[in-house]
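Data first, discussion second: the structure below is written as structure tokens.
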Amino acid sequence: MSSNTFFLVLSTCIFLYLLTTKLIRWKSGNVVRLPPGPYPLPIIGNIFELGKNPHVSLTSLSKTYGGLMTLKLGSSITVVVSSPEFAKEILLKHDLPFSSRWVPDTGRAGNHHLFSMFWLPVGDQWRRLRKLSKEHLFSVQQLDAGQLLRRKKIQELVDYVHECFTSRKPINIGRVAFTTSFNVLSNFIFSTDMARYDYDSLETQEFKDAVSSLADVLGKPNLADFFPLLKPLDPQGLLRKANVYIEKAMAILDGMVEQRVQVTAKSSSHAVSSTNDVLDLLLDLSRKNESEFSRKDVLHLLYDLFSAATDTTTSTMEWAMAELVRNPKKMAKTRSELEEFAGKDGMIIEESDIGKLPYLEAVIKETLRLHPPTPFLLPHKALCDVEIGGFVVPKDAQIQCNVWAIGRDPAVWSDPHEFMPERFLDIDIDYRGRYFELIPFGSGRRICPGLPLAHRMLHLMLASLIQKFDWELEGGTRPEDMDMSERFGITLHKNVPLVAIPIKI
């Protein structure tokens, strides 16, 4: 960068800082107050307040400034929501003015933000994708129709764990959770397994690594977001990395789509579906009206489905198993409920049985409270000035909902840092967006569309891993010595993967 360019960028940043740092705005001659927050430093604002783990740092700040807090991050304003009361105001009472998305620079990788149901603003294209997901992908009828497929994949997981039990082979819990989730989706969409438990498939591992790496990049604080004028420079190289990861994943999905297109082209009639799976449905929609749903739309929707369903399910499953291994009495209590319901040598539970296993449900709820798959919901954007609690959230502000903070709020939860599934046996709270004390999947019109599938898969997988097996940590590590640190990203993963050996009960 030349000295002239440097001074131009610096001068512009200073100007933007002077223009936007005031915590008092004027509107129609009246004073309008932003929510409270730490005083911003010149130019950089509160960037240093984020720290290595922003979800933890901002939780600490909220204890001083409250559940609705303003941060100046460079030249932009971010409002952080850290309490159930304000989450309800933002996501329910004022759902529409906060329904748009604030797209990070790395979210533009591969132009994904122009096609993604997760990043698109509420509009015709977003509504089409949402309707398609609700009616054809995650409806009760569609999910019920796929029960036999999921049961088959869960049985394959149990068989693999039994093989490892016989050979005393340690298992990476995150990897087997990913493989099972990935194959459920790939059969649902492509009518084929795309992953194997022995991990001979280099292509599958590349896809997993690409999705996981992109999630990490999306969660990193980015100077290009704090100072939009720096976006063309990509000073940290994060957009370049994100482009590499999403291109790898898209290439794999495009190969699967192209294979199906060629098979269909060779058939005698395009009206006859070769497999009658989700890909056939999407390609048929594309052929009927390519202007509304093109092949690019197909690819980006597939990426949304695979990335959201596999990465978050993998994370939650690993945290649930880690907490149970770390708390043997909770593990025994969960297994005892399963044995009482199905018998010690009973078959794998059915999806219709989930509601009859309150402690298993409580374990999943408690895991999602302590370890939400996304510590911050995907960022919202204010479409206009909105008054909340006597303060004004200004137009174009980024809204970050810290669900990690809400889940550990001592004003809401007793002993908030302890793993206590029993707390959910006495209270009627679920995670479907109605109770703002527990919103790991969001709420309102931007709630995660895959929640119904995630609900079924999490309970089935966890039950299958503990119903007939106990677990010990690799290398003789004591459960209480397990590393429970987090690796921050858009998805909150366990920093040290959980590797355990199945043992006889």
By how many degrees, 0 to 90 and rounded to 10, does the Cα axis of helix 147-167 deviate from the longest principal axis of the chain? 70
Sparsely packed GluC sites (Glu not before Pro) within the range 405-456, loop by DSSP, other Cβ within 10 Å at most 12: Glu418
Please give the residues of the range 310-329, grouped as numeric ranges, whose backbone N is less than 18 Å from a label point set 7 Å along the Cα-to-Cβ vector of Arg478. 323-329
Say the dipole of the range 52-156 comes from +1 at the beta carbon of Lys and Arg and -1 at that of Asp and Glu; which of Ala87, Val140, Gln125 then lies farthest toward its positive end? Val140
Exceeding 19 Å between C-alpha atoms, which entries from my cross-link table qualify? They are Lys153/Lys494; Lys52/Lys381; Lys52/Lys365; Lys131/Lys381; Lys333/Lys504. Lys153/Lys494; Lys52/Lys381; Lys52/Lys365; Lys131/Lys381
Given the C-alpha centroids of the range 135-160 and the range 280-297, what is the distance between them in whole angstrom? 25
Three-way shape label, the range 184-333, alpha-carbon gyration tensor, a/c 1.5: oblate
Rounded to a whole %, the carbon-and-sulfur portion of the accessible area of the range 372-453 at a 1.4 Å probe is 50
Rg/Rh ratio calculated on Cα atoms of the chain (Kirkwood radius): 0.98
Given labels modelled 7 Å from the Cα in the Cβ direction, how far is it in nm from Lys52 to Asp284? 5.3
Put a dot 7 Å past each Cα toward the Cβ at Gln205 and Ser191; how far apart are the dots in nm? 3.0
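Please say if the range 86-126 is rounded, prolate or oblate, where rounded means a/c under 1.5 for a ≥ b ≥ c the square roots of the C-alpha gyration tensor eigenvalues, and otherwise the choice is prolate for a/b larger than b/c and oblate otherwise?
Details: a/c = 3.94, a/b = 1.90, b/c = 2.08.
Because a/c hits 1.5 or more and a/b fails to exceed b/c, the range 86-126 counts as oblate.
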Cα-centre dipole for the range 24-121 with unit charges at Cβ (Lys and Arg positive, Asp and Glu negative), debye to 20: 160
To the nearest 20 debye, what is the magnitude of the charge dipole of the chain about its Cα centre, counting +1 on the Cβ of each Lys and Arg and -1 on the Cβ of each Asp and Glu? 1240
Take the solvent-accessible surface of the protein heavy atoms, probe 1.4 Å, and return the percent of it on the range 309-349 that carbon and sulfur atoms account for. 51
Computed over the chain, protein heavy atoms only, probe 1.4 angstrom, the accessible area per residue in square angstrom equals 44
Karplus ³J(HN,Hα) for the range 373-389 (6.51 cos²θ - 1.76 cosθ + 1.60, θ = phi - 60°; Hz, whole; x = Gly/Pro) runs x, 10, x, 10, 4, 3, x, 8, 9, 6, 7, 7, 5, 10, 8, 9, x
Theoretical ellipticity at 222 nm over the chain - DSSP helices of four or more residues, -39500 (n - 2.57) apiece, nearest 500: -15000 deg cm²/dmol
Pairwise label distance in nanometres, Gln155 with Asp396, each label 7 Å out on the Cα-Cβ vector: 5.8
Can you tell me the FRET efficiency between Val496 and Asp353 if r is taken as the Cβ-Cβ distance and R0 is 30 Å, rounded to the nearest 0.05? 0.35
Within the under-15-Å Cβ sphere about Met461, not counting Met461, Lys/Arg +1 and Asp/Glu -1 give a net charge of -1
Whole-Hz Karplus couplings 3J(HN,Hα) for the range 216-228, θ = phi - 60° and coefficients 6.51, -1.76, 1.60, Gly and Pro as x, run 5, 5, 4, x, 7, x, 10, 4, 5, 7, 6, 10, x
Can you compute the FRET efficiency between Lys63 and Arg33 using 1/(1 + (r/R0)^6), with r the Cβ-Cβ distance and R0 = 35 Å? Round to the nearest 0.05. 0.95
Between Val412 and Glu292, what FRET efficiency follows from the Cβ-Cβ distance if R0 is 35 Å, with the result rounded to 0.05? 0.20
Quote to one decimal, in nm, the extra length available between Gln262 and Lys131 on full extension: 0.36 nm per residue of separation minus the C-alpha distance between them. 44.4 nm
Convert each backbone phi in the range 112-128 into a coupling constant with the Karplus relation 6.51 cos²θ - 1.76 cosθ + 1.60 (shift: θ = phi - 60°), then list the ³J(HN,Hα) values in order as whole Hz, x for Gly and Pro. 4, 5, 7, 10, 6, 4, 6, 9, 4, x, 5, x, 4, 5, 4, 5, 4
Top positive-direction residue, dipole computed over the chain with Cβ charges, set Pro373, Leu34, Gly237: Leu34
Of Thr78, Gly110, Val158, which is farthest along the charge dipole of the range 77-197 in the positive direction, counting Lys and Arg as +1 and Asp and Glu as -1 at C-beta? Val158
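The values are calculated or read from the model by the stated rules, or taken from the named source; none is laboratory data. Keep in mind the model is a prediction, meaning the values are calculated, not measured. A quick note on method: Cβ atoms are made from the backbone with ideal geometry, for glycine too, and the neighbour counts reach across all protein chains shown. Keep in mind that these areas ignore ligands, DNA and RNA; they rest on the heavy atoms of the full protein, side chains included. Shrake-Rupley method; radii C 1.70, N 1.55, O 1.52, S 1.80 Å.
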